[in-house]
Structures are given as structure tokens and as C-alpha cells.
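Some notes on the structure that comes next.
What follows is calculated from the coordinates using simple rules that are stated; it is not laboratory data. Since the model is a prediction, treat every value here as computed from it, not as a measurement. With ideal geometry, Cβ positions are generated from the backbone for all residues, glycine too; neighbour counts draw on all protein chains shown.
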Amino acid sequence: MKKRYLFLLALSLSTSPTWAQKKVKNPKNIILMIGDGMGVSQIYAGMTGNFGQLNLERMPVVGFHKNQASNAFVTDSAAGATAFSCGVKTYNGAIGVDASGNPVPTILEIAEQNGLATGLIATCSITHATPASFISHQPSRSLDEDIAKDFLATDIDLFIGGGRKFFANRKDGLNLVDSLKSRNYQIANSIEEVQQVKSGKLAAFLADEQQPRFSAGRGDELVKSTEVGLELLKTNKKGMFLMIEGSQIDWGGHGNDTQYIVEEMIDFDKAIGKVLDFAEKDGNTLVIITADHETGGFSVNKGDTKTGMVEGKFTTGSHTGVMIPVFAYGPGSDKFAGIYENNTIFHKMMAAFRFKN
């Protein structure tokens, strides 16, 4: 009996995730991945279009969040991301401020104050609603130039996305790219230049405003950006906070374009695969994957996992108010099971990092 017990114990340890083997209770790193507009149907469309499987299936913990804004049943990306980043419910369009318009510290800023490395990666302008909500404090998501200026108020280690014009060709005549250079940022204007950076701080602008969709020339920029981001930020011994957004799943929903959703979902999932590979090897990384809201009222009406064919239908060209799945992996992942408000994700990340509210 004793030999059998020891055998089963050894077997369970050999098949457990790395983080379980190390018995780590609190992560050193948190990587938050946001598939903008990604509801359950978007996930399943991507799974079907990828011949029946996604890296997302490697996530052992699943929960759901309720995502209503302070002033509307259906949230936008700004209020949704601010709930994640600041832990408060706020009005649609708000960037890093509460429902009264007061600035609230973000998880990225708090991580930075605690000596961690920080980064933002997106397949849209880096001043767009979701990434902006982690680094800026503005009353409206439309204030791209003001949001860009807020980047200079932080010491973020890395950001990769579009939006060059909001830094370099501004109405006020300021050249924030020069300001970034003076602060020792390496400036990259292509994914090839991004891949050449092996250490130090990086500001990468992969488009003047918004990157093209995956099939229109963007290709695997997100995967390559993710690889570089992980390599640069992991050098900080205290840890990292990194937010990665698959931004254009949302745009496929707004356009009622099933193929757009499928290709962007698969692209986002490839980045998920890179992050999970890193987390499994590291053993000290909490990975959280969710969305701000669902877009399009999308449903999968027909599909074939053998051919990758997906046929979808839509009820709207805007967002919907349905609950959104939350997937988690790594130390502290069990806290993300269940059903809770979207702003709770901030508080769960704070507790995982052992930061005080």
C-alpha cells in the first residue's frame, strides 16, 4: 500500500504544471491577455477555424466576469479595460478615471512603483482604449494625443503597437519620440527592428495609426512582439506586469465579418501559446486571459473542424452585455474561478502580487 501511494504521488507530481511542482503561492510575474470583443462564440469560431483546437484549451481554470459600465449595461473598451486596470466601475469612454472623472492608479503604475518591469503590446494604436487604460488618465478615449503624453509620465519598460502619429505628428508641435529617445528608449518602426532589440527599454511603432488586419499584411507581428516582450521584461529579478491585447477580434465583430474574427482569434491564440510556454518553463507566472466585452452578438451556426469552415451570424454591429470568460494558469489561478464583476480582476491581481490597495 505504501509503495502504491508513493508511486501515485510521484506520478501526480510528474504530471502537474510547473507552478504546482514548485508550490508557488504568489507569482512573480502577471501576464494579462485581452482579446478585445472576444466572447465564447469568438473563441469557438477560432477553435473551429483552427481545425478544432486552440492553445487556450491549456488553461486549467475558467471563470466569468460581468462587465457593465457605471453608466450603461453594455460597456465599451475604455470602461471595460479601466475596470481591469484600476479596479473601479466607470463610464463608457473613461481612461484610467473613476465614474466622477478622478484619476485612479493602474495595476501597471503600481507594479512599476514596486520595482517590477512593465509592458504593453497591442495590434492597434498603443493610445487606443484598452492599452491606454493601463497607463493614462483621461476623461475620454478620443484624446489620443493627451493619452500619448501620459506615456512620458511613467517609466514603462516596453510598449509595442501603432499610433506613431500621436507621438510624432502632433497638433501641439511636440515630438514625443524625441522625448522617448532622451529617456533612453530604443525606437523601433518595424517588427524587424523590434526583433533586433535584446535589452533595455523599447518604444515600437508598427503603424502610423492602426495596424492592418492579420491577412492584410500584419502577419505574425503579435507573436514576435510577445516573444521580444517576454525576453526583455524577464530580466527584472523582481518580476513583471505585461498586458497583451488581440485588438482586432473586436473589429471583426463590428464589421460582422466571420473570417476576420477567425483569423484574429487564431493569431491571438498563437501569442497565448508563446505566453503559456514561457509560464510553464518559468513556474512563477500567473497568466490571465479574458475580454472586455463581446462584439457583434456573434453565433456559430455551422462549422467543420476538418476543413476549418466557420459560418457565423450576428445580431448587432456593436457590443453586447453578456458575461465574458476568464481563463487562468499558474500560481493564484484558482482565485479566478467563479462569477464576479470585471473590476474584481484588478483586486485579484493586486492580491496575487501582494500589493496593498
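Farthest towards the positive end of the charge dipole of the stretch 33-353, among the residues Trp251, Gly229, His347, is the Cα of His347, using unit charges on the Cβ of Lys, Arg, Asp and Glu. In units of the compact-protein estimate 2.2 N^0.38 Å, the stretch 103-215 shows a Cα radius of gyration of 1.00. For trypsin sites (Lys or Arg not before Pro), the sites in the stretch 194-243 that DSSP calls loop and that have at most 13 other Cβ atoms within 10 Å are Lys198, Lys237, Lys238.
If R0 is taken as 35 Å, the Cβ-Cβ distance between Phe355 and Val62 corresponds to a FRET efficiency of 0.90.
The distance separating the Cα centre of the stretch 32-76 from that of the stretch 284-357 comes to 4 Å. For the stretch 78-132, just say rounded, prolate or oblate: build the C-alpha gyration tensor, square-root its eigenvalues into a ≥ b ≥ c, call rounded for a/c under 1.5, and beyond that prolate if a/b exceeds b/c, oblate if not. Cα axes put the stretch 78-132 in the oblate bin. Per residue, the convex hull spanned by the Cα atoms of the stretch 33-353 amounts to 119 cubic angstrom. Taking trypsin sites (Lys or Arg not before Pro) across the stretch 22-89, the ones in a DSSP loop with at most 14 further Cβ atoms lying within 10 angstrom of their Cβ are Lys22, Lys23, Lys25. Computed across the stretch 184-225, the Kirkwood radius stands at 10.9 Å (inverse of mean 1/r, all Cα pairs). Think of the stretch 33-353 as a dipole: +1 on every Lys or Arg Cβ, -1 on every Asp or Glu Cβ, centred on the Cα centre; then among Phe214, Ile187, Gly338, Gly338 lies furthest on the positive end. Each residue in His65, His293, His254 was given a count of other beta-carbon atoms within 10 angstrom of its own, and listing them fewest first yields His254, His65, His293. Remark: the stretch 206-345 carries a charge dipole of roughly 360 debye about the Cα centre, counting +1 on each Lys and Arg Cβ and -1 on each Asp and Glu Cβ. A DSSP coil position with no more than 14 other Cβ atoms inside 10 Å describes none of the chymotrypsin sites (Phe, Trp or Tyr not before Pro) in the stretch 203-243. Dividing the mean sequence gap of close Cα pairs (under 8 Å, 6+ apart) by how many residues the chain holds gives a relative contact order of 32 percent.
Only helices reaching 27 angstrom along their own axis (Cα) with mean Kyte-Doolittle hydropathy no lower than -1.0 count here, and for the DSSP H runs of the chain these are 258-282.
Around the amide H of Gly246, modelled in the peptide plane, lie the amide H atoms of Ile34, Gly35, Asp36, all under 5 Å away and 5 or more residues distant in sequence or on another chain.
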